[in-house]
Amino acid sequence: MALDRAGCLGLDLRDPLADHRRAFALPEGVVYLDGNSLGPLPAATAARLRQVVEREWGHGLIGSWSDAGWIDAARRVGAKIARLIGAAEDEVICADSTSVNLFKALAAALRLQHNAAPGCDVILSERGNFPTDLYIAQAITEVFGGRYRLLTVPGDEIAYHIDDGTAVVLLTHVDYRSGRMHDLADLTHRAHLAGALTVWDLSHSTGAVPVDLAGARADFAVGCGYKYLNGGPGAPAFVYAARRHLQAMQADRFAQPLAGWLGHRAPFDFAAEYEPADGIERFAAGTPPVIALAALECGVDTVLAAGVEPLRAKSVQLTQLFIDLVEQRCAGLGLELATPREAALRGSQVCYAREDAWPVMQALIARGVTGDYRSADGGAPGILRFGFAPLYVRFVDVWDAVEALREVLAGGAWDQPRFMARRAVT
Ligand SMILES: *Cc1c(COP(=O)(O)O)cnc(C)c1O
């Protein structure tokens with residue numbers, strides 16, 4: 001496909017999702033390819049937050065817990081997210097951060113495996129998994145007193161390592177660094193055949209690629225609110241537990257370990273003994289962040305308004321166009337594709353390994369194209385990461401981003417001291 005800029009503008013004219021860009025308050029002059037790290041501000045959010053703060057909090061005061069539906073917000077937004085990941089409405093709740101939800105979900109999965117044979121003691125994960133997922137798994141092995149151990153293997157060897165020693169398979173669906181997407185249904189099936197349970201991290205999937213947790217009979221999942229869900233910095237995360245596991249937890253009368261009062265079946269009885277709620281509410285710990293949940297709901301609504309299947313279709317077109325244009329226009333400039341070429345194997349981002357990736361990305365950002373940088377293991381070249389959120393990224397943006405990349409690399413504009421200084425957040 002040899003397209004020019006006018007051809008890309010033509011694609012935008014025919015784009016069925018083009019109008020959804022207006023649901024965002026995007027700054028002028030920026031091609032934003034970092035919505036996989038922090039989704040942009042939805043146009044509806046500021047007014048909604050003003051309403052929550054001034055009317056519900058300011059006037060309604062404590063009565064708003066009931067009158068404005070604050071107490072139901074974590075379930076209500078969870079039910080909306082459920083529609084994006086193929087879960088039932090009563091299987092998802094918003095709470096805490098992804099890290100904390102991972103802790104709760106992984107602990108619940110391991111507790112369900114309590115009666116497994118003594119040799120069934122492995123938490124199997126991927127070597128390059130997002131660090132917080134590995135840190136939480138490491139911490140959990142200590143919490144369970146050495147009953148379990150963490151085994152990490154290369155991503156393409158996961159299936160080979162699932163056996164009757166595997167208690168839980170803990171994986172991120174779309175890899176944060178490469179964008180490579182695991183076959184969630186196949187690996188879940190393999191785990192179940194071996195008697196293992198799965199905990200899926202959907203941080204880079206939710207709102208960008210279709211996920212069918214029910215179809216895969218997935219066990220537990222967690223995900224992030226501030227990436228493709230556009231919930232704002234530090235937005236609450238979500239946790240999913242299959243209904244059959246919620247019922248098993250109920251039958252065995254065990255709780256996830258962060259058994260706070262809002263996971264109690266009757267918090268306002270103020271009983272001394274913890275009794276978990278029947279359903280997904282047992283994954284709540286403390287008081288929900290009401291203002292942040294209101295922002296998250298605005299963000300989730302932007303995704304629901306478009307629907308996941310149309311988003312995926314456009315996302316595949318955007319990432320393919322970027323790969324094709326970089327190949328055509330940036331040949332010989334040192335970029336090595338670090339994302340699967342096959343669309344079915346990647347999420348909604350494209351990455352390149354490149355020497356001096358850090359200053360190259362800083363020069364691109366100064367040029368009006370925002371992506372980000374990720375370091376690689378063991379001295380390998382860093383990664384230039386570009387996320388293509390199909391709600392607001394246009395085809396012409398893809399063209400302009402590739403042109404900026406070509407200019408920055410071909411002209412050596414990145415090779416200046418002002419682009420070398422590292423910042424706290426990359
Ligand atoms: C972004 C991300 C997280 C974020 O975790 P927080 O606790 O919300 O900071 C976790 N896991 C993965 C795979 C992520 O991409």
Give me a count of the residues in segment 87-122 that are within 12 Å of the ligand (Cβ to nearest atom), among the polar types (S, T, N, Q) and in a loop (DSSP other than H, G, I, E, B). 1
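Among THR188, THR198, THR206, which is more than 16 Å from the ligand (Cβ to nearest atom) and under 24 Å from ASP90 (Cβ atoms)?
Just one listed residue meets the conditions, THR188.
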Hey, any hits in segment 189-200 for a residue that's open to solvent by less than 20 Å² (accessible area, probe 1.4 Å) and closer than 23 Å to TYR352 by Cα? no
LEU384 being outside the structural domain of ILE62 (by TED's automatic domain parsing), open to solvent by less than 10 Å² (accessible area, probe 1.4 Å) and in contact with a helix residue (DSSP H, G or I) (Cβ under 7 Å, 6 or more places away or on another chain): yes
When ALA306 is evaluated against the numbered criteria (1) at positive phi; (2) more than 16 Å from the ligand (Cβ to nearest atom), which criterion, by number, is the only one it fails? (1)
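Among the residues of segment 232-253, is there at least one that is open to solvent by 40 Å² or more (accessible area, probe 1.4 Å), away from the ligand (no atom under 14 Å from the Cβ) and of a type in the set (S, T, N, Q)?
Restricting attention to segment 232-253, the residues satisfying the condition of being open to solvent by 40 Å² or more (accessible area, probe 1.4 Å) are 233-234, 243-244, 247, 250-253.
With the extra rule that they be away from the ligand (no atom under 14 Å from the Cβ), the set shrinks to 243-244, 247, 250-253.
Subset that is of a type in the set (S, T, N, Q): 247, 250.
Checked against the condition, which is being open to solvent by 40 Å² or more (accessible area, probe 1.4 Å), away from the ligand (no atom under 14 Å from the Cβ) and of a type in the set (S, T, N, Q), segment 232-253 yields at least one hit.
Would a scan of segment 62-82 turn up a residue that is among the aromatic types (Phe, Trp, Tyr), surrounded by 15 or more Cβ atoms within 10 Å (Cβ to Cβ) and over 18 Å from the mean Cα position of the chain (by Cα)? Write out each step before concluding.
Keep residues of segment 62-82 that are among the aromatic types (Phe, Trp, Tyr), which gives 65, 70.
Within this subset, residues satisfying the condition of being surrounded by 15 or more Cβ atoms within 10 Å (Cβ to Cβ) are 65, 70.
Restricting the remaining residues to those that are over 18 Å from the mean Cα position of the chain (by Cα) gives 65, 70.
The answer is yes; a qualifying residue exists.
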Residue among ALA137, ALA159 that is open to solvent by less than 50 Å² (accessible area, probe 1.4 Å), more than 16 Å from the ligand (Cβ to nearest atom) and among the hydrophobic types (A, V, I, L, M, F, W, C): ALA159
Looking only at segment 230-282, count every residue that is without any contact (Cβ under 8 Å) to a residue 24 or more places away in the chain, among the small types (Gly, Ala, Ser) and under 18 Å from GLU91 (Cβ atoms) and tell me the total. 3
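What number of residues in segment 216-231 are basic (Lys, Arg) and open to solvent by less than 60 Å² (accessible area, probe 1.4 Å)? Give the steps one after another, and end with the answer.
Here is the first cut: in segment 216-231, the ones basic (Lys, Arg) are 217, 227.
Then drop every residue that is not open to solvent by less than 60 Å² (accessible area, probe 1.4 Å), which leaves 227.
Going through segment 216-231 one residue at a time, the tally reaches 1.
The values are calculated or read from the model by the stated rules, or taken from the named source; none is laboratory data. Since we're looking at a predicted model, the values are computed, not measured. Heads up, the Cβs are rebuilt from the backbone with ideal geometry, glycines too, and the neighbour counts pull from every protein chain shown. Side chains included, ligands, DNA and RNA excluded: accessible areas come from the protein's heavy atoms. Shrake-Rupley method; radii C 1.70, N 1.55, O 1.52, S 1.80 Å.
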